[in-house]
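The structure that follows is given in the form of structure tokens.
The values are calculated or read from the model by the stated rules, or taken from the named source; none is laboratory data. The model shown is predicted, which means the values in this text are computed figures rather than measured ones. Neighbour counts run over all protein chains shown; Cβ positions are idealised from the backbone, glycine included.
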Amino acid sequence: MPETANSNDSDPMNTLFASKLREYAKVLRDINEKRASATELREKKGELMEEFYRLLCINLGIPPETFYWEWRDKDGVFHRRGNITPVQFYNEYVGIELDDFVSLINAPNKAFNKVYTVQYVGNVVGGQDTRYLNVDLKTMKKAAIDMIKGNHAVWFGCDVAKMLQTDLGAMDLSIYDYESVYGTKFQLDKAARLDYGDSEMTHAMVITGVDLDEHGTPSKWRVENSWGAAIGDQGYMYMIDEWFDEYLYEVVVRKEYLSPEVLKILDTEPVVLSLWDPMCSLARN
């Protein structure tokens with residue numbers, strides 16, 4: 001879809017529409033108190049969502065059924081493909097089997113080696129439920145390193161604003177010396193930060209490289225972000241391994257880079273997380 005003023009700066013639109021959604025909630029609750037049937041409630045909900053869709057189209061435009069794709073290849077030659085449907089684009093240019101991938105999370109405030117899902121979250125009608133496999137850092141890092149060695153980038157979710165120097169593109173626990181300034185340490189660990197709402201996944205990026213020592217232990221990671229070439233080194237940032245430990249929560253890896261023992265866990269019944277759990281923040285967005 002083309003960029004619009006409202007997609008470029010969505011805060012005013014979101015504020016207005018949040019108010020509209022609360023209005024809808026009141027409408028539904030009011031008729032429910034008058035003992036409306038489930039069928040009547042669903043019909044009313046459908047009417048409200050039809051209006052909401054119209055409001056979104058006014059702000060963002062009508063979702064296209066086809067589009068033109070334009071790009072230049074590595075030799076600078078211009079190409080155009082269209083009109084093409086999203087399914088055609090996926091089949092011709094992506095071709096990735098999504099079932100070959102798994103989302104790993106590292107949430108030490110929850111039991112490891114269990115599958116989790118998210119209550120009420122699902123952005124595709126008839127699509128698969130969100131599923132996370134909670135593993136320790138050793139398992140997560142090994143899978144990420146093996147992905148990079150296999151020439152695959154690693155999608156990840158993190159709390160990007162913590163200990164970040166934006167211009168340098170530095171995610172580094174030593175970038176700011178708060179202890180010297182304030183005379184106190186900030187001592188919540190990763191589990192406690194999740195339990196007390198001090199941290200959650202706020203942003204997704206891609207790991208494209210890793211610096212390993214002679215023992216194969218990572219010291220820092222190369223990150224590609226979407227904030228433009230002015231950030232870091234032409235849009236690339238670096239993440240110290242200790243930052244990974246504290247503020248990286250999710251990676252998406254190919255199943256082939258996980259052990260058979262870990263893969264067996266995927267077949268177990270998931271634990272359902274509340275929609276407001278901090279591990280669900282990216283799924284909500």
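Show the residue pairs meeting these rules: Cβ distance below 8 Å; 6+ apart or different chains; first residue within the stretch 256-285 and closer than 16 Å to F112 by Cβ and assigned by TED's automatic domain parsing to the domain that holds W155; second residue assigned to a helix (DSSP H, G or I) and among the β-branched types (V, I, T).
Qualifying pairs under 8 Å: L258/T139; V262/T139.
Which numbered condition trips up S103, out of (1) out of contact with any helix residue (DSSP H, G or I) (no Cβ under 6 Å at 6 or more places or on another chain); (2) touching a residue at least 40 places away in the same chain (Cβ under 8 Å); (3) over 30 Å from E256 (Cβ atoms); (4) surrounded by 13 or more Cβ atoms within 10 Å (Cβ to Cβ)?
(3)
Cβ-Cβ under 6 Å, sequence separation 6+ or interchain: first residue in the stretch 185-212 and assigned by TED's automatic domain parsing to the domain that holds M147, partner assigned to a strand (DSSP E or B) and among the charged types (D, E, K, R). Which pairs?
V206/E224; T208/R222; T208/E224; G209/R222; D211/K220
While we're on this one: What's the number of the only condition in (1) part of a loop (DSSP other than H, G, I, E, B); (2) closer than 22 Å to G232 by Cα; (3) under 17 Å from the mean Cα position of the chain (by Cα) that Y176 fails to meet?
(3)
Here's another thing I want to ask about it. I want to confirm something. Restricting to the stretch 179-211 and keeping residues that are part of a loop (DSSP other than H, G, I, E, B) and of a type in the set (G, A, S), which single residue is surrounded by the fewest Cβ atoms within 10 Å (Cβ to Cβ)?
Step one: of the stretch 179-211, the residues part of a loop (DSSP other than H, G, I, E, B) are 183-189, 196-202.
After this cut, where a residue has to be of a type in the set (G, A, S) as well, the list is 183, 197, 199.
Values: G183: 7, G197: 9, S199: 21.
In this case the residue turns out to be G183.
Here's another thing I want to ask about it. So how many residues does the stretch 126-173 have that are in a loop (DSSP other than H, G, I, E, B) and in contact with a Pro (Cβ under 7 Å, 6 or more places away or on another chain)?
If we filter the stretch 126-173 for residues that are in a loop (DSSP other than H, G, I, E, B), which is where we start, we get 126-130, 135-136, 150-153, 159-163, 166-169, 172-173.
Those left that are additionally in contact with a Pro (Cβ under 7 Å, 6 or more places away or on another chain): none.
Here the count works out to 0.
Mind checking which residues of the stretch 106-139 are touching a Gly at 6+ places or on another chain (Cβ under 8 Å) and farther than 19 Å from L258 by Cβ?
Answer for the stretch 106-139, where residues must be touching a Gly at 6+ places or on another chain (Cβ under 8 Å) and farther than 19 Å from L258 by Cβ: just D129.
I'm trying to understand the selection: among the residues of the stretch 222-239, which are assigned to a strand (DSSP E or B), touching a residue at least 24 places away in the same chain (Cβ under 8 Å) and either touching a Ser or Thr at 6+ places or on another chain (Cβ under 6 Å) or buried (at least 18 other Cβ atoms within 10 Å of the Cβ) (or both)?
First pass over the stretch 222-239, keeping only residues assigned to a strand (DSSP E or B): 222-224, 233, 236-239.
If we keep only those that are touching a residue at least 24 places away in the same chain (Cβ under 8 Å) as well, we get 223-224, 233, 236-239.
Within the stretch 222-239, V223, E224, M237, Y238, M239 meet the criteria.
In a strand (DSSP E or B), at pLDDT 95 or above and of a type outside the set (K, R): is that true of V272 in this structure? Steps first, please.
Details: in a strand (DSSP E or B): yes; at pLDDT 95 or above: no; of a type outside the set (K, R): yes.
Here the answer is no, as V272 does not meet what is asked.
Could you list, in sequence order, the residues of the stretch 240-252 that are crowded, with 17+ Cβ neighbours inside 10 Å and within 22 Å of N109 (Cβ to Cβ)? Reasoning before the result, please.
Of all residues in the stretch 240-252, those crowded, with 17+ Cβ neighbours inside 10 Å come to 240-241, 243-244, 246-252.
Passing the criteria: D241, W243, F244, E246, Y247, L248, Y249, E250, V251, V252.
Here is a follow-up. If a residue has to be touching a helix residue (DSSP H, G or I) at 6+ places or on another chain (Cβ under 7 Å) and farther than 18 Å from L275 by Cα to count, how many in the stretch 182-204 make the cut?
Filtering the stretch 182-204 down to residues touching a helix residue (DSSP H, G or I) at 6+ places or on another chain (Cβ under 7 Å) leaves 185-186, 190, 194, 197, 199-202, 204.
Now drop any that are not farther than 18 Å from L275 by Cα, which leaves 185-186, 190, 204.
Adding up the residues that qualify gives 4.
Taking G95 as the residue in question, decide whether it is surrounded by 10 or more Cβ atoms within 10 Å (Cβ to Cβ), without any contact (Cβ under 8 Å) to a residue 60 or more places away in the chain and under 30 Å from K141 (Cα atoms).
Values: surrounded by 10 or more Cβ atoms within 10 Å (Cβ to Cβ): no; without any contact (Cβ under 8 Å) to a residue 60 or more places away in the chain: yes; under 30 Å from K141 (Cα atoms): yes.
Taking the combined requirement at face value, the residue does not satisfy it.
Let me ask something else about it. Out of curiosity, is G157 among the small types (G, A, S), under 18 Å from Y249 (Cβ atoms) and surrounded by 14 or more Cβ atoms within 10 Å (Cβ to Cβ)?
For G157, the condition - among the small types (G, A, S), under 18 Å from Y249 (Cβ atoms) and surrounded by 14 or more Cβ atoms within 10 Å (Cβ to Cβ) - is met.
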